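The values are calculated or read from the model by the stated rules, or taken from the named source; none is laboratory data. Quick caveat: nothing in here was measured; it's all calculated off a predicted structure. We place every Cβ from the backbone using ideal geometry, glycine too, and count neighbours over all the protein chains shown.
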Amino acid sequence: MKSVPNTQLGTLVADWPIHMQRAIELSSSVWTATPNPRVGCVIAKHGAIIGEGWHAAPGQAHAEVVALDKAGESAKAATAFVSLEPCSHTGRTGPCCESLIASGIQQVVIAALDPNPAVAGSGVEQMERAGIEVYHLVDFEQKARSVNAGYFKRREEGLPFVRLKLAMSLDGRTALADGRSKWITGTAARGDVQRLRASASAVITGINTVLIDDPFLTVRSSDLSISDEERKLNAKLIERQPLRVIIDSQLQTPGTARILNSGGLVKVYTLNEDIIGKSSSGQCGNYSNR
């Protein structure tokens with residue numbers, strides 16, 4: 001595999017950055033494909049795009065296969081631009097490397113290597129053994145990684161990727177002077193929050209928020225200011241509810257809390273010596289109201 005910065009691209013491949021940028025954009029078509037990474041693929045020949053696709057959800061066709069299906073026989077001797085190294089193992093679907101090899105693709109250009117131990121460079125090796133020229137466009141690696149920040153965090157560090165959501169006024173206030181909660185966010189911010197919830201594996205909050213605000217922490221599709229096309233692509237994510245987690249050391253969550261009575265699975269994590277008899281270990285209880 002040859003690593004190439006944009007500055008070293010010759011005039012014959014001057015359109016490579018354009019096609020790779022398109023592949024990364026396609027990978028973002030869905031908000032998440034967890035536990036899989038989001039991947040986009042563009043197949044180009046003689047400077048023109050002849051096929052493109054993205055991975056929509058676990059168990060569905062990978063980006064490379066979708067793009068190859070659209071390109072058909074024209075994929076032979078073409079160049080594939082993939083936002084992440086093609087997989088070389090069999091999971092719910094077959095190895096993308098084998099599909100690329102079988103298609104007669106001449107070159108594969110990737111933005112980032114896959115940190116999954118089942119791949120981790122073996123995809124590149126397999127394609128090169130088959131005679132495919134593989135290139136790494138290093139200038140696009142950070143863009144590709146940012147699309148799958150959670151995936152890279154889990155694979156490389158064994159930790160979840162966490163976002164902190166905090167609504168605060170310009171003078172640093174989060175509530176009125178008497179402690180009462182006040183909705184201070186605007187339409188755009190509320191829409192962003194719903195999108196983040198829909199793409200998250202879990203939403204975590206503390207017991208004080210539950211007692212004071214009594215939130216649902218569900219995805220409210222009505223607050224999503226998105227196009228009809230984006231809503232269609234992410235329909236299943238919008239319909240499902242992420243796992244909701246309450247950090248409640250004293251086990252104070254009331255049974256009437258709205259978070260417990262709005263459908264979906266809720267986990268309550270507690271650590272209280274009087275209740276569970278162990279001050280050195282946590283306990284988790286599940287609550288499901290489906």
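In the set I238, I246, only one residue is in contact with a Ser or Thr (Cβ under 6 Å, 6 or more places away or on another chain), closer than 21 Å to T34 by Cβ and either not hydroxyl-bearing (S, T, Y) or not in a loop (DSSP other than H, G, I, E, B) (or both); that residue is I238. Does V210 meet the test of being aliphatic (A, V, I, L, M), surrounded by 12 or more Cβ atoms within 10 Å (Cβ to Cβ) and part of a helix (DSSP H, G or I)? Spelling it out, V210 is indeed aliphatic (A, V, I, L, M), surrounded by 12 or more Cβ atoms within 10 Å (Cβ to Cβ) and part of a helix (DSSP H, G or I). For region 33-55, state whether one or more residues are in a helix (DSSP H, G or I), modelled with pLDDT of 90 or more, buried (at least 17 other Cβ atoms within 10 Å of the Cβ) and of a type in the set (A, V, I, L, M, F, W, C). The answer is no, given that none of the residues of region 33-55 is in a helix (DSSP H, G or I), modelled with pLDDT of 90 or more, buried (at least 17 other Cβ atoms within 10 Å of the Cβ) and of a type in the set (A, V, I, L, M, F, W, C).
If you take the residues in region 115-137 that are part of a helix (DSSP H, G or I) and in contact with a helix residue (DSSP H, G or I) (Cβ under 6 Å, 6 or more places away or on another chain), which one is modelled with the lowest pLDDT?
Only one residue fits best here, namely G123.
Selection of region 206-217 for residues being within 29 Å of N148 (Cβ to Cβ) and in contact with a helix residue (DSSP H, G or I) (Cβ under 8 Å, 6 or more places away or on another chain) yields P215, F216, L217.
When restricted to residues that are in contact with a Pro (Cβ under 9 Å, 6 or more places away or on another chain) and more than 18 Å from N148 (Cβ to Cβ), region 102-123 contains 1. Being under 28 Å from R155 (Cα atoms), modelled with pLDDT of 90 or more and in contact with a strand residue (DSSP E or B) (Cβ under 6 Å, 6 or more places away or on another chain) is the filter here, so list the residues in region 58-78 that pass it. Those that are under 28 Å from R155 (Cα atoms), modelled with pLDDT of 90 or more and in contact with a strand residue (DSSP E or B) (Cβ under 6 Å, 6 or more places away or on another chain): A63, E64, V66, A67.
When you check T218 against the structure, is it out of contact with any Pro (no Cβ under 6 Å at 6 or more places or on another chain), touching a residue at least 24 places away in the same chain (Cβ under 8 Å), crowded, with 17+ Cβ neighbours inside 10 Å and assigned to a loop (DSSP other than H, G, I, E, B), yes or no? Answer is yes for this residue.
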